[in-house]
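Working notes, structure below.
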Amino acid sequence: MPEISLNMLLILCPLIFLSCFVDAVAGGGGVISLPAYLFIGLPSHYALASNKFSAFVGGISATLKYITSGKINFSAAIWSAVGALIGASIGSGFALFIASETLKTIMLIALPIVAVFLVWQKDKMISPKPVERTNIQKIVISFLIGLGMGIYDGLIGPGTGTFMIMLFSALLGYDLLTSSGCAKLSNLASNMASVVIFLFSGKIVYILAIPAAVCGALGAYFGAKYAIKGGSKKVQYFMFVVLIMLFVKFAFDLFA
């Protein structure tokens, strides 16, 4: 564990603010926040655990803003949150037993897969079509979205919210703003499960994670406000910003 300094906080906090702003709009904030923790010198497991803590606090702020604005479909979001809670517990449990080098390799492999998948589904994200589903089908689909993305989020993280938005839009026919609201509640549940597991593992660096979490909560609030004011068009714009960040992150890790 490196020695903690003020310079580390000065680098970390603005990046966490930005990551939670982006995440509140279109998901994918982990593309910024997790590399930020790694950049200041934290080992992979400490970076992953501390990132989950700040993401969880930021997620609370964003979710409350979406709820008060009526932009969450609770019939889907609650079941997805249940699945995400279970999935994240499984994923985070696996992450604790994976070697640091292996975890970095998984991150590098996952980023381009996320990017390619989003490009492939871009038309469905831009113009979602109404999807006829029975109540049972909606429950099952929502639960599976949460379960699958919860496992991914607990194990790796970056791009989870973006994946969820795309899946809610493609499989249930929600507009991007409603999908973003559902993803926020689900992602909050998965982050909560991860934080509890990492809490008992002693991997959270609180002297960094707490100030970063405060900045993250502010970023998430303003991000959610920005998305709700601008509607699906602004969510769509940020989806592609996240996509570009995924490509840049992968290219940097590959050639640096």
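Over the stretch 138-243, what is the mean sequence separation of C-alpha contacts under 8 Å (at least six apart), divided by residue count, expressed as relative contact order in percent?
Relative contact order for the stretch 138-243 comes out at 26 percent.
Whole-Å semi-axes of the stretch 38-82's equivalent ellipsoid, largest first, each the root of 5 times a Cα gyration tensor eigenvalue?
Each semi-axis is √(5λ); the values are 30, 13, 6 Å.
Cβ under 10 Å from Asn187's Cβ, Asn187 left aside: what net charge do those residues give with Lys, Arg +1 and Asp, Glu -1?
The answer is -1.
Which whole-percent values make up P(r) of the stretch 175-226 when all C-alpha to C-alpha distances are grouped in 5 Å steps starting at zero?
With a bin width of 5 Å, the distribution comes to 5, 16, 17, 26, 18, 11, 6, 2.
Would you mind computing the Rg to Rh ratio of the stretch 6-255 from its alpha-carbon coordinates, Kirkwood style for Rh?
Dividing the radius of gyration by the Kirkwood radius yields 0.94.
Quick one: compute the contact order of the stretch 6-255, relative version, from alpha carbon pairs under 8 angstrom and 6+ residues apart, as a percent.
Computed value for the stretch 6-255: 40 percent relative contact order.
Could you bin all the Cα-Cα distances of the stretch 11-111 into 10 Å bins starting at 0 and give me the percent of pairs in each, rounded to whole numbers?
Computed distribution, short to long bins: 14, 41, 34, 11, 0.
Where a number appears in this text, it was derived from the coordinates with a stated rule and is not lab data. Just so you know, these numbers come straight off a predicted model, no measurement behind them. Positions of Cβ are generated from backbone atoms using ideal geometry, with glycine treated the same way; all protein chains shown enter the neighbour counts.
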